[in-house]
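A short worksheet on the structure shown next.
The values are calculated or read from the model by the stated rules, or taken from the named source; none is laboratory data. Please read these numbers as outputs of a predicted model, since none were measured by experiment. Note that each Cβ is placed from the backbone with ideal geometry, even for glycine, and that neighbours are counted across all protein chains shown.
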Amino acid sequence: MKDYIIIGSGIIGCLIAKELSKYQVDILVLEKENDVVNGQTVANSAIIHAGYDLKPGTLKAKLCVKGNAMYDDLEKELSIPLLKTGGLVVAKNEKELDDLKRIYDQAIQNGIKGVSIINQETLRKKEPHLKSSLVAALDLPTTKVTFPWQVAMAALTFAKANGAQIKTNAKVTNITYQNGMFQVEINDEEWIETMHIISCAGVFSDHIARMIENIIPYQILPRKGEYYVLDKRVKGLFQHVIYPLPN
């Protein structure tokens, strides 16, 4: 019997395991793949967003800003790579200035520290290789970049050192609940009992939720994106994360 079963060994599952391992509890992390940290954690932009474009007052906006600040503590605790690049949301012409001011107000409402609108001259000084016709930018000093795989592995190493267990090739195929305990079936054959389940299953989280509740009010529809990787010879061409205005 386990105190906690965490489903999924991506960056979220690993960081939760790390925090729980600070307490006297029995933790098991289940991963359906043959290795840990093998899903969305290794296929994303690695940007720690400031939260400027999120609707004020929403849980997502609050957690984005709070989570951004927590990475400064993680950098010290886990010795993870953390590039404090800052971010710039650029306005291409005068018509876009009103939208830039709108998202500035939104950023202020979300509690983002140090945010400001900079003019064309200041923008050119910060990023001289940007197109000279850009008229202004929203300066987001709290935007950061990290290496998500390394963050997850450092957190998982911490958790394992504190006694957490990891089980790979362990696909959750059923969950039942009886007498105040969850029973988790793995690979249609093995059952493990636990007091608590924390689902960190990424794009498969809705499948896990349906094992507990027949009707859930959402469905996850994954989307595939593309990235352009630049030649190493242009390394250092830009110093910030550069965003267009959100549409």
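Do you know which of the residues in segment 125-147 that are surrounded by 15 or more Cβ atoms within 10 Å (Cβ to Cβ) and charged (D, E, K, R) is nearest to Lys55 (Cα to Cα)?
Here the answer is Asp139.
With Lys131, Lys62, Lys144 as the choices, which residue is farther than 30 Å from Ile16 by Cα and among the basic types (Lys, Arg)?
Just one listed residue meets the conditions, Lys131.
So which residues in segment 171-210 are within 15 Å of Gly8 (Cβ to Cβ), in contact with a Lys or Arg (Cβ under 9 Å, 6 or more places away or on another chain) and surrounded by fewer than 16 Cβ atoms within 10 Å (Cβ to Cβ), if there are any at all?
Result: Lys171, His196.
Looking at segment 41-79 only, could you name the residues that are in contact with a strand residue (DSSP E or B) (Cβ under 6 Å, 6 or more places away or on another chain) and within 17 Å of Cys14 (Cβ to Cβ)?
Scanning segment 41-79 gives Ala46, Ile48, Tyr71, Glu75.
Of (1) among the aliphatic types (A, V, I, L, M); (2) part of a loop (DSSP other than H, G, I, E, B); (3) surrounded by fewer than 20 Cβ atoms within 10 Å (Cβ to Cβ), Ala50 satisfies all except one. Which?
(3)
Restricting the first residue to segment 220-244 and requiring it to be surrounded by 10 or more Cβ atoms within 10 Å (Cβ to Cβ), which pairs with a second residue that is part of a helix (DSSP H, G or I) meet a Cβ separation below 9 Å and a spacing of at least six or different chains?
Going by the 9 Å Cβ cut-off, the qualifying pairs are Ile220/Gly202; Ile220/Val203; Ile220/Phe204; Ile220/Ser205; Ile220/Asp206; Ile220/His207; Gln239/Lys126; His240/Lys126.
Looking only at segment 211-219, decide whether some residue is touching a strand residue (DSSP E or B) at 6+ places or on another chain (Cβ under 6 Å), touching a residue at least 24 places away in the same chain (Cβ under 8 Å) and closer than 21 Å to Cys14 by Cα. It would help to see each step written out before you state the result.
Of the residues in segment 211-219, the ones touching a strand residue (DSSP E or B) at 6+ places or on another chain (Cβ under 6 Å) are 211-212.
Then drop every residue that is not touching a residue at least 24 places away in the same chain (Cβ under 8 Å), which leaves 211-212.
Going one step further and asking which of them are closer than 21 Å to Cys14 by Cα, we end up with none.
No.
Do you know which of the residues in segment 53-78 that are of a type in the set (D, E, K, R) and either within 13 Å of the chain's Cα centre (by Cα) or part of a loop (DSSP other than H, G, I, E, B) (or both) is nearest to Leu138 (Cα to Cα)?
Asp53
Taking segment 103-124, which residues are more than 20 Å from Leu59 (Cα to Cα) and either of a type outside the set (S, T, N, Q) or loosely packed, with under 11 Cβ neighbours inside 10 Å (or both)? Even if it seems obvious, please write down each step before you answer.
Looking only at segment 103-124, we keep the residues that are more than 20 Å from Leu59 (Cα to Cα), and these are 114-124.
Those that are more than 20 Å from Leu59 (Cα to Cα) and either of a type outside the set (S, T, N, Q) or loosely packed, with under 11 Cβ neighbours inside 10 Å (or both): Gly114, Val115, Ile117, Ile118, Asn119, Glu121, Leu123, Arg124.
Could you list, ordered by first residue, the pairs with Cβ atoms under 8 Å in which the first is in segment 177-202 and on the phi < 0 side of the Ramachandran plot and the second is in a loop (DSSP other than H, G, I, E, B) and modelled with pLDDT of 95 or more, at least 6 apart or interchain?
So the pair list comes out as Ile186/Ala170; Ile186/Lys171; Ser199/Gly8; Cys200/Gly8; Cys200/Ser9; Cys200/Gly10; Ala201/Gly8.
If you take the residues in segment 148-170 that are aliphatic (A, V, I, L, M) and closer than 16 Å to Asp3 by Cβ, which one is surrounded by the fewest Cβ atoms within 10 Å (Cβ to Cβ)?
For segment 148-170, the residue satisfying everything is Ile166.
Is there a residue being within 17 Å of Asn162 (Cβ to Cβ), among the hydroxyl-bearing types (Ser, Thr, Tyr) and in a strand (DSSP E or B) anywhere in segment 79-91?
Kept after step one, since they are within 17 Å of Asn162 (Cβ to Cβ), are these residues of segment 79-91: 79.
Those still in the list that are among the hydroxyl-bearing types (Ser, Thr, Tyr) too: 79.
Now narrow it down to the ones that are in a strand (DSSP E or B): none.
Among the residues of segment 79-91, not one is within 17 Å of Asn162 (Cβ to Cβ), among the hydroxyl-bearing types (Ser, Thr, Tyr) and in a strand (DSSP E or B), which makes the answer no.
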